[in-house]
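Before any comments, here is the structure.
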There are 2 protein chains.
Amino acid sequence: MAPSERQRVFIEAARREFVRNGYGASSIRTIAQEAGVSLSALYYHYKNKQDLLLAILIDGVNAFDAMCDEELSRVGDDPVERLRALVVALVRFRTICQEQSLMIGTEVRNLEPENAAVYEQRRRSGNELLGSIIDDGMRSGAFTTPYPEDCRRSILAMTTSIANWYDPDGPDTPADIAARYGDLALLLLQPRP
Amino acid sequence: MAPSERQRVFIEAARREFVRNGYGASSIRTIAQEAGVSLSALYYHYKNKQDLLLAILIDGVNAFDAMCDEELSRVGDDPVERLRALVVALVRFRTICQEQSLMIGTEVRNLEPENAAVYEQRRRSGNELLGSIIDDGMRSGAFTTPYPEDCRRSILAMTTSIANWYDPDGPDTPADIAARYGDLALLLLQPRP
C-alpha cells in the first residue's frame, strides 16, 4: 500500500536523518522534529525506528517498480528494446533517487530478520525482471552471450554504482547516462548481428 | 610497511569481529580475547579500534597491490593482455579476499576523516591502474569504446560485486570467474577487430 501524504513526510524526514547519521546513530526524536510533529504523532504511524527503515526501503522498491512499468510500457516485446528500457529505469532510479539508492547499500543490513525477508521478497521482482528479459533474449537468439547470469549481475552492479558518482549539478543528465549504459549492457549480452 | 606477524594476528582477529558485529558494535576487548592477548598487549600495537580499522583496510590495499603486481608481471605491454591480467587481480581479490572485500563496502565510512584521506590515497593507485591501462589502449587504438570512463567504472563495479555472490565451496574457481569477467570487460572496451 502506498504511504499516505502524512506518512510520506515521516518517510522523507527519516531518510534525511538516516542518511545524515546512519541508522544506528539516528534518533526517532530528531525524525519527529524534522517532520514537524510530536513524538506521539510519529508513533501513531510507525512503532519504532525499524518500522521506518522498512517503510523507506519498501518505498524505494515501489519507486523503482513504477519506473520499470513506465519505461517498459513504452516498448514492445523485442528483448533489445526491453533491455534498453529496463536500463533506463535502473539508471533513473540510481540518479533521480540517488539518496535512496545509497541508503539501500548501507542500511539494508540493519533490517531485523523478519523485515529483511519482507524487503528481500519485494525487491526480488525488480531483479527478476532483468533476468527474464535476458532469458527471453537468449531463447529467441537476440542475445548470444555465453554468460547470461554474469551479464545480469554485471548490469545490476554497473548501474547500481552510478549512484556513487552521479552529480545532479553535473553535465550528464540521467537520460545521457542511461543511453550510454544501455549501449554497454547490450555489448555484454552480444546481440545477434 | 607490512604488519609484523604479531600485528597480523591482531588484524585478523579485528577483521573477524568487525565482520561479525560491524565496526560500531565491535569491542576491542573481544578482539584482544580473539587474538589471545591481554588488552594492554593489543593497545601496545594499536591505540584504538579506529587504528585497527585503518590497519585492516590498508592491509587489504596491500594484498590487492601484490595481486596486481603478480598478474601484470606475467604479461607484456599489450593493453588487451594487461586488461585481462588486471581483471584477474580484481577477481582474485574479490574472491580470495572475499571477507576483506565485503568489509570495505560497509566499513570504510567508519574511518575518521584523517584516516579516510590516508586510505583514499593508498587505494587510488589500484583504481588508477585500470584507468591507465584503458587510456593506453585508447591511445594505441586497441580499445575503441566511446565511453572509456564509464567502462572503467563498470569494470570496477562488476568485479567488486563478485564478493556478494562468490561461494568458495561452489563450482566456480576464481580463475573460472576471472576468465569470464575478462571477456566481459573486453567486450565493454570494444577491442579493435
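All of the numbers you see were taken from the coordinates with simple rules; none came from a lab. These numbers come from a predicted model, not from an experiment. Because the Cβ atoms are built from the backbone with ideal geometry, glycine has one as well, and the counts that use them run over all protein chains shown.
On inspection, B:Arg139 fails the criterion of being among the charged types (D, E, K, R), assigned to a helix (DSSP H, G or I), within 11 Å of chain A (Cβ to nearest Cβ) and free of Cβ contacts under 8 Å to residues at least 40 places away in the same chain. Within the option set B:Arg82, B:Arg94, B:Arg74, being more than 17 Å from the chain's Cα centre (by Cα) and surrounded by 15 or more Cβ atoms within 10 Å (Cβ to Cβ) holds for one residue only, B:Arg82.
Of all positions in the stretch B:112-123, none carries a residue that is among the charged types (D, E, K, R) and within 12 Å of chain A (Cβ to nearest Cβ).
The number of residues in the stretch B:153-179 that are hydrophobic (A, V, I, L, M, F, W, C) and closer than 13 Å to A:Arg153 by Cβ comes to 6. Among the residues of the stretch B:103-117, those that are surrounded by 15 or more Cβ atoms within 10 Å (Cβ to Cβ) and in a helix (DSSP H, G or I) comprise B:Met103, B:Ile104, B:Thr106, B:Glu107, B:Val108, B:Asn110, B:Asn115, B:Ala116. Condition first: free of Cβ contacts under 8 Å to residues at least 60 places away in the same chain, within 21 Å of B:Trp165 (Cα to Cα) and either more than 8 Å from chain B (Cβ to nearest Cβ) or not in a loop (DSSP other than H, G, I, E, B) (or both). Can you find one or more residues in the stretch A:163-173 that meet it? So far as the stretch A:163-173 goes, no, none of its residues is free of Cβ contacts under 8 Å to residues at least 60 places away in the same chain, within 21 Å of B:Trp165 (Cα to Cα) and either more than 8 Å from chain B (Cβ to nearest Cβ) or not in a loop (DSSP other than H, G, I, E, B) (or both).
In this structure, is B:Ile134 touching a Cys at 6+ places or on another chain (Cβ under 9 Å), of a type in the set (A, V, I, L, M, F, W, C) and in a helix (DSSP H, G or I)? Spell out the reasoning first.
Numbers: touching a Cys at 6+ places or on another chain (Cβ under 9 Å): yes; of a type in the set (A, V, I, L, M, F, W, C): yes; in a helix (DSSP H, G or I): yes.
Yes: the conditions hold for B:Ile134.
Within the stretch A:88-125, being in contact with a Pro (Cβ under 9 Å, 6 or more places away or on another chain), closer than 16 Å to A:Arg16 by Cα and not aliphatic (A, V, I, L, M) holds for one residue alone: A:Gln98.
Out of the residues in the stretch B:145-162 that are of a type in the set (Ser, Thr, Tyr) and more than 17 Å from the chain's Cα centre (by Cα), state the one that is farthest from the other protein chains (Cβ to nearest Cβ). Spell out the reasoning first.
Here is the first cut: in the stretch B:145-162, the ones of a type in the set (Ser, Thr, Tyr) are B:145, B:147, B:154, B:159-161.
Next cut, more than 17 Å from the chain's Cα centre (by Cα) only: B:145, B:147.
Working: B:Thr145: 8, B:Tyr147: 5 Å.
So the residue we want is B:Thr145.
For the structure I just gave you, tell me whether B:Asn127 is within 14 Å of chain A (Cβ to nearest Cβ), in contact (Cβ under 8 Å) with a residue 60 or more places away in the chain and loosely packed, with under 15 Cβ neighbours inside 10 Å. When the stated conditions are applied, B:Asn127 does not pass them. Filtered by the rule that a residue be surrounded by fewer than 18 Cβ atoms within 10 Å (Cβ to Cβ) and either of a type in the set (A, V, I, L, M) or under 18 Å from the mean Cα position of the chain (by Cα) (or both), the stretch A:9-27 gives A:Val9, A:Glu12, A:Arg16, A:Val19, A:Ala25. Only a single item in (1) within 11 Å of chain A (Cβ to nearest Cβ); (2) closer than 20 Å to B:Phe18 by Cβ is not met by B:Ile177, and it is number (2).
Please work out if A:Arg94 is within 14 Å of chain B (Cβ to nearest Cβ), touching a Leu at 6+ places or on another chain (Cβ under 8 Å) and of a type in the set (Lys, Arg).
Values: within 14 Å of chain B (Cβ to nearest Cβ): yes; touching a Leu at 6+ places or on another chain (Cβ under 8 Å): no; of a type in the set (Lys, Arg): yes.
It is false that A:Arg94 is within 14 Å of chain B (Cβ to nearest Cβ), touching a Leu at 6+ places or on another chain (Cβ under 8 Å) and of a type in the set (Lys, Arg).
The helices (runs of 4 or more DSSP H) found entirely in the stretch B:1-82 that carry 1 or more residues being of a type outside the set (S, T, N, Q), within 30 Å of B:Leu129 (Cβ to Cβ) and free of Cβ contacts under 8 Å to residues at least 40 places away in the same chain are B:5-25, B:49-73.
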